[in-house]
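Worksheet: one structure, shown below.
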Amino acid sequence: MVESIIETNGLTRSYGDICALKPLDLQVPEGEWLSVMGHSGSGKSTLMNLVGGLDRPTAGSLRVGGEDLLALSEDGLARFRREFVGIIFQQHHMVPYLTAVENVMLAQYFHSVPDEAEARSALERVGLGHRLKNRPGELSGGEQQRVCIARAIINSPKLLLGDEPTGNLDHKSTVMVMELLKELRAEERFTVIMVTHNQDVAAWGDRTIYLDDGVLVREERMKS
Amino acid sequence: MNMNRRRWLIHLVLRALAHRKGRTLLLLAVLAMASSLATALGIVSSSMEKRVAEEVRKYGANLIVIPESARLDIGSGGLNFGVVSEPAYLQQRPVEEALAKSGLKAEVSFHLRGALHMKDADIMVEGVNFSDIRRLFPWWQLKGNWPAAGETVVGNDLASRMKLKAGDVVELVGINSKILLRISGIVSSGGEEDDLLFMALPELQQALGLGGRLTLVRLMVTAGGSSLKTCASSLQMLMPTAKVSEVRQTARTSEGLLAKVKLLMLMVTAVVLVSAGSSVAGTMSTTVLERGKEIGLMKAMGGTRREVILIFCGEAVMLGVLGGVAGYLFGSVIAQFITKTVFASSAEFIPWIAVISMGVSLFLALLGSIGPMISVFKLDPVRSLRGE
C-alpha cells in the first residue's frame, strides 16, 4: 500500500466568522495527481495554501511528508516550503527585474546555492532554452508559466502545488503546460495537487475532489 | 558557473536598484545631500578651528607661569602697613618636566628678569632665548638684527634714555662678572619691554648668580579640543609652587565663539539629517508597499524572514555606501569653496571625515529602512500574493 504524503484530520480554516474550509479529512498517497475543483470561494486555494505551508489552520491536524505543520514556527514553515514544496501560481508571480534563468536561480538561492548551469538545464527541459536571458515582460503567458514550472521543480520538491496554473492561458498553451507537467511528474515522481476551475485540466489527474462552501462534497477517480 | 550566495545577493540587490532607477536616484540624492552636508561642515569646522588657532597665535602667549612670591603682611593691631614680598624664582628643570608631563602642545619661552649695572645706573635686563621670542612675539618691531652670540637688543625707550644705538658695545656688571655685549638692534613692542635690555638667558643667569632660575615662563598653547582654562588648571596641578594664569581674554573669547559656531553647525546638520531620514523612510516604505508581491513570492519560495530582510538591508547598505561616497566628494567640493571664500585658504583632506560621511549615509539608509523592514518581517505571503 502506498503511504500518504498528505493527511488531514478535521482540517479547518476560518477568517473571523467566515469558515473558508470546514473540517476536512483527506489522504493523498505519495505520487498521486489530485485535482481540486469547486466554484470561487469554495475553499480550494485555502486548502492548497494550508498544504503548502503558506497558511496555518484554525483547527484540526495537518501532516505533510510526515511533518506536523502545526508544530512548525514561521521559519520552520519557510524551510518546509523550500525543501518540500514547489508552487505554480495562476498569475506567474515572476520577479520583473530578473531574467528567466535568474528567476529560477532565485528559488535555488532560497533553497541552497544558485547554480546557473542547473537553472539553464531546467529551462531547457521546459522548452525555454532560447529564452534564458529574457525578462518576464518579454515572454508570453505560456512561456512565463513554463519558467514558473522550471522554478517550481528546480529544487526537486516532493509536492508540486498548482493554483489554477492554466487559468490565464489559451487552449494550446494549456495543453502544452499540462503535457509538460505530466512528463516531469513521470520523471521526478512528485505528488501533484492542482486547483482548477477547468474540468479538462482536472481530467489530467488521478483523482478529483470537489469542494463547495468549504466542504468536500464529491470525489471522483479518473480512468487511466 | 556556480555563483555563491553572497555574490548572488549583491547581484540581486544591484538588479533591484537598477530596476527602480528613479527611486534609487532620489534616495541616493537625499543620502548624498545629507552626508555632503556633514562632510562640508566637518571640514569647514576643522579648518575654522585651525584658522582661529592661527589667529590666536598672533596674539602671543596665552598662559604665564610665575613663582608664588613669599608674602608677609606688615601691621599691628588694627593697622595694616601693607605687604612686603621677597623675590621668588621658578626652577627651570622642574618647570620643563611639568610641561613635558602635561602633554600640552605649546610654544614656550623662559624668562629671567633682574637688574645689572650699566653706565653708573641700574637697568632692568631680561634673559631670554631669542628664537623663542621671535616665535612668540612676531609683532615686535626690530631696527637692526636679532642678536647672535655676544650681542644684545635694547628696548626703544631704554635706548633713547641711555643714548644707545645698534653697533654700540655696552658693559654690564653683575654680581659675579662683567659682560661686554654689542647691540645688534633696537626693539619696540609698545609695552614694558621697551624699557628692557635683552640678553641670552644662560648669560644673565650666570651674571646674577641665579643658575637654573626663572622669573617667568610664557606659553602659547595651541592644542585644540580642551579649553585654555582646562590647560591652565591641569598645569597648575603639576606646579603647585607656581601660579599659572591666563593672560589673554582673546583666546577664551575665540574659543567661546568657535564653540557656538560649531554648535550651530551641529544643530543645522541634525535638522538636515532628521529631514533626510524621514525622506528615506518614506521612499523605502513606498518601495516595500510596491514590492509586496515580490516579497510574498520570496517567502512562498521558502525565504525566511531574515533572508528576505537581508535583501532589503543589502539595498539600504548599497545605497548608504554609494550615497556616502558621493556625499564625501560633493561635500569636499563645497568645503573647498567655503574655506576659499570665507577663510581665503584651502581645505585639507581629513581621512576621518570620509568615515563620518559614510557613517552618516549608512546610518540614515538603515534607520530609514527600519519601518519598511518591520513591514517585510510581518508580511503574509498569501495576502501579499493576492495583492492585498
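None of the figures in this text is laboratory data; all of them are computed from the coordinates on show. These figures come from a predicted structure and were not determined experimentally. Cβ: placed from backbone, ideal geometry, glycine included. Neighbour counts: every protein chain shown.
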Angle in degrees between helix A:141-153 and the longest Cα principal axis of chain A, rounded to the nearest 10 | 70
Per the helix-only calculation at 222 nm, which mean residue ellipticity applies to chain B, given -39500 (n - 2.57) for every DSSP H run of n ≥ 4 and division by its residues, nearest 500 deg cm²/dmol?
-> -18500 deg cm²/dmol
From a point 7 Å beyond the Cα of A:GLN27 in the direction of its Cβ, which residues of region A:63-82 have a backbone N at a distance under 19 Å?
-> A:63-69
Violating pairs (Cα-Cα greater than 20 angstrom) within the set B:LYS101/B:LYS229; A:LYS22/B:LYS299; A:LYS182/B:LYS299; B:LYS50/B:LYS262 | A:LYS22/B:LYS299; A:LYS182/B:LYS299
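Kindly provide the trypsin sites (Lys or Arg not before Pro) of region B:108-197 that DSSP labels as loop, not H, G, I, E or B, and whose Cβ sees at most 14 other Cβ atoms within 10 Å. Show your work: numbers first, answer last.
Details: sites: B:ARG113, B:LYS119, B:ARG134, B:ARG135, B:LYS143, B:ARG161, B:LYS163, B:LYS165, B:LYS178, B:ARG182; in loops: B:LYS119, B:LYS163, B:LYS165.
Passing sites in region B:108-197 are B:LYS119, B:LYS163, B:LYS165.
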Residue mean of other protein chain beta carbons inside 10 Å, B:300-312 | 6
So what J values fall out for region B:161-177 if you push phi through Karplus, 6.51 cos²θ - 1.76 cosθ + 1.60 with θ = phi - 60°, rounded to Hz, Gly and Pro as x?
-> 5, 9, 6, 10, 9, 4, x, 5, 10, 10, 10, 10, 10, x, 5, 9, 7
Span per principal axis, largest first, for the Cα atoms of chain A (Å) = 47, 39, 38
For chain A, averaging the sequence separation of alpha carbon pairs under 8 Å that lie six or more residues apart and dividing by its residue count, the contact order in percent is 28
Which helices, taking whole DSSP H runs in chain B, have alpha carbons extending 24 angstrom or more along the helix axis plus mean Kyte-Doolittle at least 0.5?
-> B:21-57, B:249-290, B:305-338, B:351-378
Test item: A:103-110 mean partner chain Cβ contacts at 10 Å | 5
What whole-number value in cubic angstrom gives the convex hull volume per residue for the C-alpha atoms of the protein assembly as shown?
-> 256
If you place +1 on the Cβ of every Lys and Arg and -1 on the Cβ of every Asp and Glu, how big does the dipole about the Cα centre of region A:4-221 come out, in debye to the nearest 20?
-> 240
What list do you get for B:CYS231, A:CYS19 if you sort them by fewest beta carbons within 10 Å?
-> A:CYS19, B:CYS231
Can you list the residues, at least 5 places off or on another chain, whose amide H is less than 5 Å from the amide H of B:VAL128, using H built in the peptide plane?
-> B:MET199, B:ALA200, B:LEU201
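Could you give the dipole magnitude of chain B about its Cα centre, charging the beta-carbon of Lys and Arg +1 and that of Asp and Glu -1, in debye to the nearest 20?
Numbers: 42 positive and 31 negative charges, 500 e Å.
I would put it at about 2400 debye.
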Using just the helices of chain A, give the 222 nm mean residue ellipticity in deg cm²/dmol: DSSP H runs with n ≥ 4 each add -39,500 (n - 2.57), and the total is spread over all residues, rounded to 500.
-> -10000 deg cm²/dmol
What are the ³J(HN,Hα) values, in whole Hz, obtained from phi via the Karplus relation 6.51 cos²θ - 1.76 cosθ + 1.60 with θ = phi - 60°, for each residue of region A:107-114 in sequence order, with x given for Gly and Pro?
-> 5, 5, 4, 6, 7, 7, 10, x
Hz values of 3J(HN,Hα) by residue in region A:21-38 - Karplus curve (6.51, -1.76, 1.60), Gly and Pro given as x | 9, 8, x, 10, 10, 8, 10, 10, x, 4, x, 6, 10, 9, 9, 10, 10, x
For A:GLU118 and A:LYS172, FRET efficiency with R0 = 25 Å and r from the beta-carbon atoms, rounded to 0.05?
-> 0.30
The orientation-averaged projected area of the Cα convex hull of chain B, in nm², is 32.4
Sticking with the crude label model, points 7 Å out along Cα→Cβ, report the distance from B:VAL317 to B:HIS117 in nm, one decimal please.
-> 8.5
What's the exposure ranking of A:ASP115, A:ASP200, going from fewest to most Cβ atoms within 10 Å?
-> A:ASP200, A:ASP115
How about region A:1-83: which chymotrypsin sites (Phe, Trp or Tyr not before Pro) there lie in a loop by DSSP and see at most 13 other Cβ atoms within 10 Å?
-> none
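Counting alpha carbon pairs within less than 8 Å and at least 6 residues apart, what relative contact order, in whole percent, applies to chain B?
28
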Dipole of the protein assembly as shown [Lys/Arg +1, Asp/Glu -1 at C-beta], most positive-end residue of A:THR196, B:SER375, B:PHE130 | B:PHE130
